[in-house]
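Readers should treat all values here as calculations from the given coordinates under stated rules, not as data from a laboratory. The structure presented is a predicted model; accordingly, all values stated were derived computationally and were not measured. Positions of Cβ are backbone-derived with ideal geometry, glycine not excepted, and every protein chain shown enters the neighbour counts.
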Amino acid sequence: MAGRKSVTVGTARSKPGAWATGTLRLGDYPDGPITTPINILSGAEPGPVLWVQAAIHGAEIVGAVAMLRLFQKIDTARMKGHIVGIMATNATAFRAQKRLTPYDGENLNRLFPGMPAGPHSRQTADVLFRTATGVADAMMDIHSGGLEAVVPFYGLYYDDGSAASNEARRLAESVGSEVVWASRDAWLDGAMYVNFTRAGKPGVIVECGGGGWLMEEHVANVTGAIEGVAKAMGILPGRPPRRKSYTVVQDCDLVFNTAGGFFMPTVEVGAIVAKGAVIGRVMNAHGQIVEEVRCPKGPAYLAALGKPYAPIHSGAMVAECIGVVSTAE
Ligand SMILES: [Zn+2]
């Protein structure tokens, strides 16, 4: 990969062997700039650039905390190149602790590559996409279940058979999970990692945790995931935590309830379940079970599930079920 001496993102300019800080302007409030904090950690020597973004869904903060942990522990004398940390990728949603952009209700992770003079969130997507493709050799987008859902720990890449996609698979296999989602799902066409890959550079998503509760185990998983990808790119020394084989999943069904009430999951997130298996129940405000939510296909990897007793309206997204293509030995 390319060996960059220096990287500039917004007001942050890398310094050899040091941690540089600044901000990137993503748009404007009525009264001034909307910015995200930027951290750039650089090795003493030039090398590849890894772009890591957190909180594109504003309440999914695990990536920001994991990056700070990692930056605090890395010995930059043993590092080559740069890790660029985007701490509040959807800055207005991060401030509001909401999944979506407060101004327009948009899901920023469906709007890439963005529009330079389009509606609010598309302009933000454009700034992020142009900046990232301009400076980075690879990108990671860190997600969790946010406040309402829980997700297991896995890597995700866009599977279109291109060279960038093959490299993205190698990076997704380096995050430390045995589960890799090789996505071809059309509903993710506007995601950053998909468009990055289509632009000829590998992009991956890492998912971990959620439920409004950030556990040390989840921080450690994501810290390890960024470290693993940085090792796979040659930015950090050592080998990434690769496995002999992986559980590969593909083709995600989003599952919606029809009755309102409290959601009661009946299986663990990350489980592999059979078609038709009950994955949760809905209890209404009179204590009656009014719905059994079933997995629409199988065997399926349960990649997201509503948290226990989440109050849900009809048509809330309570689960993601992804078909299992092959299972790790
Ligand atoms: Zn997310």
**Percent RCO, i.e. relative contact order, over the range 197-329, from Cα pairs under 8 Å lying at least 6 residues apart** = 27
**Item:** Relative contact order [Cα under 8 Å, 6+ residues apart], the range 249-326, whole percent
**Value:** 43
**Request:** Highest first, please rank the peptides 108-118, 154-164 by the mean number of other Cβ atoms sitting within 10 Å of their residues.
**Result:** 154-164, 108-118
**Asked** Using θ = phi - 60° and the Karplus curve 6.51 cos²θ - 1.76 cosθ + 1.60, what whole-Hz ³J(HN,Hα) does each residue of the range 36-50 get, with Gly and Pro shown as x?
**Response** 10, x, 10, 10, 10, 9, 10, x, 5, 9, x, x, x, 10, 10
**Antiparallel content of DSSP bridges confined to the range 154-272, in %, to 5** = 40
**Message:** Using Cα springs under 10 Å in a Gaussian network model of the chain, which residue among Ser42, Ser245, Ser174 shows the largest mean-square fluctuation?
**Reply:** Ser245
**Prompt:** For helix 62-73, what angle does its Cα long axis make with the longest principal axis of the chain, in degrees from 0 to 90 and rounded to 10?
**Reply:** 40
**Request:** Considering only Gly287, Gly58, Gly47, give the residue with the highest GNM mean-square fluctuation for the chain, with springs between Cα atoms whenever their separation is below 10 Å.
**Result:** Gly287
**Prompt:** Which residue, Glu60, Glu292, Glu207, tops the fluctuation ranking in a GNM of the chain built on C-alpha contacts under 10 Å?
**Reply:** Glu292
**Request:** Using the Karplus curve 6.51 cos²θ - 1.76 cosθ + 1.60 with θ = phi - 60°, work out ³J(HN,Hα) for each residue of the range 260-265 in order, rounded to whole Hz, and write x for Gly and Pro.
**Result:** x, x, 9, 8, 10, x
**Item:** Beta bridges by DSSP in the chain, antiparallel share as percent, to the nearest 5
**Value:** 70
**Message:** At a 10 angstrom cut-off on C-beta neighbours, averaged per residue, how do the peptides 259-267, 309-317 rank from highest to lowest?
**Reply:** 259-267, 309-317
**Prompt:** So how do 23-36, 71-84 stack up, highest first, on mean other-Cβ count within 10 Å?
**Reply:** 71-84, 23-36
**Computed over the chain: relative contact order in percent, which uses C-alpha pairs under 8 Å that are six or more apart** = 15
**Message:** Can you compute the helix-only [θ] at 222 nm over the chain? Use -39500 (n - 2.57) per DSSP H run of at least 4 residues, normalise by all residues, nearest 500 deg cm²/dmol.
**Reply:** -6500 deg cm²/dmol
